[in-house]
Amino acid sequence: MSCSALCLYVKVDILIEAGLLLPRVTASSKENNLIHLDKQQVLFKLFYTILENLLNSGGLDIIHSLWSYTTSSSAGFRPNDVTLVLYILENITKNAELSGLRFSVDTVEKVLVIVDHLNSALCSKPAASLENSVGPQLLRCLESFFSLMSVTYKSFTLFFKHFDFYCSVSSCEDLKENGNMQLGTSSLLSLPNNDIEFPPECYVNVLSMTYKPPENIFNSQYGKDGEKLNSFYLASAIQTHVMILNDRSYHMANINMTFMCGNYSCDQTAVCVFWDFHLSNWSSNGCVTETTNGSTTCFCTHLTSFSILMSSSVSIGNLDSVILDYITKVGLSFSIFALIFCIAIQIILLRRTHNRMASHRYWTILHMSVFLLISNISFIASGFIHPAIQEKLCDAFTFCTHLSLMGFFCWTLVQGVFLVCRLVFVFHHVTIREFVVLSVLLGYICPLVIAVSTFLRYFPDNYRSEEACWLKGPSGASLAFTIPTIVIMVANFLVLIVVIHKLLRPSISEAKNEDEEVIKKLAKAVVFYTPQYGLTWAVGVPLLANKNAIWLHYMFDILNPLQGIFLLIFGCFLDKKVMHLLRKRFLRNLATSSIDVLED
């Protein structure tokens, strides 16, 4: 249908009414509004502007005329008419909102019929020639109409070619008692605690639409904090939800939605998003994503139009994700038991040894084990809560995990500095006072300052991730762990270089037949030193730059959850002095028990 045909059909008096719906605009804003229209449509819109404020019927006659046109047997919109019709509908909603007008269910149904025909017109146009601003304009128009619908007291369902529409009705009392409201078969809504005061005998309407948009009418940009990523694509239908209570729309509500990723299986790159009309971009703020068995569940704290984006780049598959998660949990479970055993051994050694140097080492391993044990327990426990629902508990686990991991790494640095002092300053023995000062500064104050300052700087909005109980990456909070960890690992690596240098020096003047013994010592030093000083976490550095390298994920998830076992093996079982003291303690206890038995 050409623009002139539409003009003839809706008649002059209807055009006058349409002119009333246009807000007063400046010359510059007129130019911006007309930028995407062809010449005929520019004249059409200018005609509206000239005739504004002559009549004020609310635009309902225009909706009826457009609906009659679309339902006629030979009628049909052309792709170029879509922008104009949406412009008219948007201005009708603006005028209705200003005048306090509510639309009947019949009017909203007619608008849905009109928009369904607009989608058919878009589908008839080549996808490459469609503008990605049409989709957001269409969603904004529909959300505006939904939010202005009068409350109805009976649920109903409407099916169209391009979308399905559901109106779910519940009394406020039922919603308050049950705590949630079922929306169709794949969504569940609940209200925030103490957020809404229910008047007596009120009803809640939730208008839900499942929309299957034509290709290319939405851009594929997605990013957090302004970062633009073009390697995403729309992987599912769009779900729009609007809640009306006593002729007033509410956007703040908790909603649980399940999406199927079209002809694809949702993978771990799937992310729950909504269209942000202010940013003209996809956003995931206020939403948590969970992907299981090829479908994606979204937990969001507001209502609007939601969908699923997936990355078009290579990613970790579902099977790999399940295996990695299983490896992490099993490794951490074994590590927890190993750390408890290691802590018990270190306490025994501290009570039995009279060697000051040895007691310093046992003291550092004890603290490394305690901090690592706390972080492992905190990490596993955080996996049993939902970040979007149990927010305060998740914040606590995030802080606890961050503090304990920083404590573990800082105590590895204490051990490294202590070892360098022993190797470099051979004739100077570290005093108890010096060791205590070093331990307090590096082992206690340093991790506490990092964790607390991070919390104060980023809490509450940018502190933790919305998907897990850990520091938020896009906001920069995660750098408060990444940067100090890398700095400590570099320092510990330099300590390893010093150790290797000290082991190589005697070989210069010795015979060649002793070189093999030196190599064995070097290999032993590397094997013992690397896991004890947290250098296995160095695998995470290349992982930051190449997140799609599956083998790096496997290495990281195998080595680091076993850190507690490494401490037990290399800090206790393979240390000859430690095993000698434990053997003496065990034999003494055995002899004592034997004597007691003989006396009895």
Notebook entry, point to check: Restricting the search to region 433-465, which residues are surrounded by 14 or more Cβ atoms within 10 Å (Cβ to Cβ) and not in a helix (DSSP H, G or I)?
Noted result: F459, N462, Y463, R464, S465
Notebook entry, point to check: Pick from E516, E467, E510, E434: which is modelled with pLDDT under 85, of a type in the set (D, E, K, R), assigned by TED's automatic domain parsing to the domain that holds H367 and under 30 Å from E391 (Cα atoms)?
Noted result: E467
Checklist line | Residue satisfying all of: in region 324-368; among the β-branched types (V, I, T) and in contact with a Phe, Trp or Tyr (Cβ under 8 Å, 6 or more places away or on another chain); nearest to Y529 (Cα to Cα) among these | finding: T364
Check: Counting only residues that are in contact (Cβ under 8 Å) with a residue 40 or more places away in the chain and not in a strand (DSSP E or B), how many does region 268-310 have?
Finding: 12
Check: When both residues are 6+ apart or on different chains and their Cβ atoms are under 8 Å apart, which pairs have a first residue that lies in region 148-162 and is over 17 Å from H241 (Cβ atoms) and modelled with pLDDT under 90, and a second that is in a strand (DSSP E or B) and hydroxyl-bearing (S, T, Y)?
Finding: Y153/Y203; H162/Y211
Checklist line | Out of T152, T71, sole residue that is assigned by TED's automatic domain parsing to the domain that holds Y233 and either surrounded by fewer than 19 Cβ atoms within 10 Å (Cβ to Cβ) or touching a Cys at 6+ places or on another chain (Cβ under 8 Å) (or both) | finding: T152
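Identify all residues within region 180-227 that are basic (K, R) and either at pLDDT below 70 or part of a strand (DSSP E or B) (or both); write none if there are none.
K224
The values are calculated or read from the model by the stated rules, or taken from the named source; none is laboratory data. Note that the structure is a prediction, hence the values are computed from the model and not measured. Heads up, the Cβs are rebuilt from the backbone with ideal geometry, glycines too, and the neighbour counts pull from every protein chain shown.
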